[in-house]
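Please read the structure below before turning to the comments.
The values are calculated or read from the model by the stated rules, or taken from the named source; none is laboratory data. Everything quoted here is computed from the prediction, not taken from an experiment. With ideal geometry, Cβ positions are generated from the backbone for all residues, glycine too; neighbour counts draw on all protein chains shown.
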Amino acid sequence: MEVSWALLANAVIAGLLLGGFYAAMSVGISISFGMLDVVNIAHPAFIILGSYIAYIVNDRFGFDPIAVTIVLSPLFFLLGMALYRIYYVCFERRGQESLRGLAFFFGILFITEVVLILIFGVDYRMVSSRYGDVTWRLGPVDFPMRLVVPFLVSMTMVIGIQLFLTHTFFGRAVLAVAQDQLALRLMGVNPVRVKELAFALSIATAGVAGAFLIVIQPVQPAIGREFIGLVFAVCVLGGMGSIWGTLLGAFVLGLAESFTSTFFGPSWAPAVSFGLLLATLAFRPSGLLGR
Amino acid sequence: MPGKSRSFPSILGRVLGALFVGLALTGTALAQQPLKIGFGMSLTGPLAGNGKAALIAMEIWRDDVNAKGGILGRKVEFVYYDDQTSPATVPGIYTKLLDVDKVDLVVSGYGTNVIAPAMPIMMQRNLVFMSLFGLNVNSKFKYDRYFQIMPAGPNPAVGWSQGFFDAAMGMNPKPKTVALVGADAEYPAMALEGAREHAKKTGLKIVYDKTYPPNTVDYSPIVRAIQATNPEVVFVASYPPDSAGMVRAANEVGLRTRMFGGGLVGPQFAALKTQLGPLLNGVVNYEFYVPDLGSKFPFLDQFLAKYQARAVVEKVDPLGFYLPPYAYAMMQVLDQAITATKSLDQAKLAEHIHKAEFDTYVGKVRFAGNGEWAAPRVMMTQYHGITGNDVEQFKKPGRLTVLSPREYKTGELKAPYHENKK
């Protein structure tokens, strides 16, 4: 195969667009797992829940799927608050969060799947949008809108979260709770409340990422499991608890996947991505931008 | 008080009478025991849509048979478990069905991926194994009690894509290059193996031959890599989510080739047909039934009417053209074999299925020595004239041209692929 500039440019653009989507899926994990130390293995299930909510509203009322989940993200926020409260009362407060907490989130994952199956059946669902089948072309480079729109919204969301965490009192409290909960208590701040709100924020991002997913590809209730490895890999590669790191990790994996698929064969893509992860951890155990 | 004297023959007569009545009652009870048929089925996971549709068809068969009094006077009962579309669960499911549930017969779930892992158990226990849409599973096992209902013919890997390559080589001028691409899974591997044989036989130069992981999100880098090799024909073997991804990517990239498709699983179902809509125009792909051929399958309407009513309620493929009729036919073969041999003896059943011809909703079925259909009947079709995403257009004739086999042909191939988009 001849390597042309057009092929190279398209591989870069495809990798960046894919990375943007991966960042949206992983930023919630970066908050819950990286900052709050809550191993929310059910995160992809909430992504799928977001997909189905986008699907219902799009199918019944014809509204844009991404706009729908941004509007409905407060509901995901409330769901996240309730979920953390249960997790805290049942496990974290008793110091049983490690293994039992993990089992709890596994349970949530399966229950969410089963509920979706009972309500929607097992068939694949997809949404229609004005931009879904549109591709912009800039010379030889393609910009498929079903990836560009999620990319732009994802960038806004991830950068917004980063600014929120670094420029607001609450954001700094979240960063503090990741470092030293006792110190936070001494400052008169309730770490449980902070963690509750931060966890809720992570679930809200999952809902929005779900809308991106169903715009990009068909979805069925159990498809979330395929992304468990990916979202944790992005989080660990970028550096635990670093939002910029998550963004960088997502771009690295997206570009690796795109370049491998284009130039070497797509079946090598997971090996290259996870090889990069292992190599990074060998030289920088805390991840690309981890402390 | 004088006692009643009883003679020995009288007592013996009563004992024998009681024994006779007891045995008769036991016999009646045995005859009334349900005939249990066990299987695993994908009710969750990536292929659950197909699995659930197959289950509905099999349940319609069960209800039809039971309404007529069952088989050999026994009502049919199903014992089934969700295999989660995971090959790893299959051996455990069939072991439980046979050892714990004590089923009388077993059949397969849907698809190559879950049929292959059940084969060692079937062979170990010498069981007749009717299977549903496994592609070339028996090529390695060579098990003489394996039977398969998908019409891919005695050499399934080759028969599967025969129509695609026949149509390709029928183009003028003949193509010289082909690209092969598919998912890293059992079915695509088999389909690609057959496609390679066709390429070799027809002298087509393979310019791209790669597989991709099933959880791929963006297929455009793959399609661009294919486009960079400039193939005249692109053969794709994929499962539903990747079929959607490949078709979308081909449209986004503006793939320029003369023929595209072949082994895409998914566009046979209403879900992907409606979701992809006009993006399917020009795609050449396999089907087992199209509405244009209704007159050739006169009894299928009865079945489809029952199926479509249930499919709406169960939220699965509302068309039911692809898998459900064959799931029903698979059970019809088993039913007719048991009725003809009046037995559940596995050896007798296998012998009969090898020899007999079966009259089913999908037509007459005869099996080759390796358990596949004796003659292939994979229809290669081309989509055209699709506008919008309405499901009703797919229920009517005129949206799919049958290119092969000859006896079902309804039109000619329109090439190149990208010209069909205009």
>> Take the conditions within 14 Å of chain B (Cβ to nearest Cβ), in contact with a helix residue (DSSP H, G or I) (Cβ under 7 Å, 6 or more places away or on another chain) and part of a helix (DSSP H, G or I) and apply them to A:LEU79. Does it pass?
In response: no
>> I need the full set of residues from the stretch B:32-54 which are buried (at least 23 other Cβ atoms within 10 Å of the Cβ) and either assigned to a helix (DSSP H, G or I) or aromatic (Phe, Trp, Tyr) (or both), in order please.
In response: B:PHE39, B:ALA48, B:GLY49, B:ASN50, B:GLY51, B:LYS52, B:ALA53, B:ALA54
>> Testing B:GLY70 on (1) on the phi < 0 side of the Ramachandran plot; (2) at pLDDT 80 or above, one condition comes back false. Which one is that?
In response: (1)
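Residue check: is B:GLN302 assigned to a helix (DSSP H, G or I) and more than 14 Å from every other protein chain (Cβ to nearest Cβ)?
yes
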> With respect to the numbered conditions (1) within 13 Å of chain B (Cβ to nearest Cβ); (2) modelled with pLDDT under 90; (3) under 30 Å from B:PRO221 (Cα atoms), which one is the sole condition not fulfilled by A:ARG130?
Replying inline: (1)
> For the stretch B:307-334, what are the residues that are on the phi < 0 side of the Ramachandran plot and surrounded by fewer than 19 Cβ atoms within 10 Å (Cβ to Cβ)?
Replying inline: B:GLN308, B:ALA309, B:ARG310, B:VAL312, B:VAL313, B:GLU314
> Could you say which residue among B:GLY369, B:GLY388 is in contact with a Gly (Cβ under 8 Å, 6 or more places away or on another chain) and not in a strand (DSSP E or B)?
Replying inline: B:GLY388
> Among the residues of the stretch B:192-234, how many are within 7 Å of chain A (Cβ to nearest Cβ), within 30 Å of A:ILE228 (Cα to Cα) and either over 24 Å from the mean Cα position of the chain (by Cα) or in contact (Cβ under 8 Å) with a residue 60 or more places away in the chain (or both)?
Replying inline: 9
>> Just to be sure I understand, how many residues within the stretch B:377-393 are in contact (Cβ under 8 Å) with a residue 12 or more places away in the chain and surrounded by fewer than 20 Cβ atoms within 10 Å (Cβ to Cβ)?
In response: 8
>> Suppose the filter is outside the structural domain of B:GLY111 (by TED's automatic domain parsing) and in contact (Cβ under 8 Å) with a residue 60 or more places away in the chain; does B:GLY320 pass it?
In response: no
> Given the conditions (1) assigned to a helix (DSSP H, G or I); (2) closer than 23 Å to B:TYR187 by Cα; (3) in the same structural domain as B:PHE164 (by TED's automatic domain parsing), which single one is not true for B:GLU252?
Replying inline: (2)
> Quick one: would you say B:ALA347 is farther than 30 Å from B:GLU252 by Cβ, exposed (fewer than 15 other Cβ atoms within 10 Å of the Cβ) and hydrophobic (A, V, I, L, M, F, W, C)?
Replying inline: yes
>> Tally up the residues in the stretch B:363-375 that are within 22 Å of B:ASP166 (Cβ to Cβ) and surrounded by fewer than 21 Cβ atoms within 10 Å (Cβ to Cβ), please.
In response: 4
>> From the list A:ARG185, A:ARG225, A:ARG193, exactly one residue is charged (D, E, K, R) and either within 15 Å of A:ALA23 (Cβ to Cβ) or within 14 Å of another protein chain (Cβ to nearest Cβ) (or both). Which is it?
In response: A:ARG225
> Is it the case that the stretch B:129-138 has a residue that's in contact with a Lys or Arg (Cβ under 9 Å, 6 or more places away or on another chain), hydrophobic (A, V, I, L, M, F, W, C) and in contact (Cβ under 8 Å) with a residue 60 or more places away in the chain?
Replying inline: no
> Quick one: in the stretch B:243-283, which of the residues that are in contact with a Ser or Thr (Cβ under 7 Å, 6 or more places away or on another chain) and more than 9 Å from chain A (Cβ to nearest Cβ) is farthest from B:SER404 (Cα to Cα)?
Replying inline: B:MET246
>> Based on this model, can you work out whether B:GLU314 counts as within 14 Å of chain A (Cβ to nearest Cβ) and of a type in the set (Asp, Glu)?
In response: yes
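Check B:ARG145, B:ARG125 and return the single one that is at pLDDT 95 or above and over 27 Å from B:GLY363 (Cβ atoms).
B:ARG125
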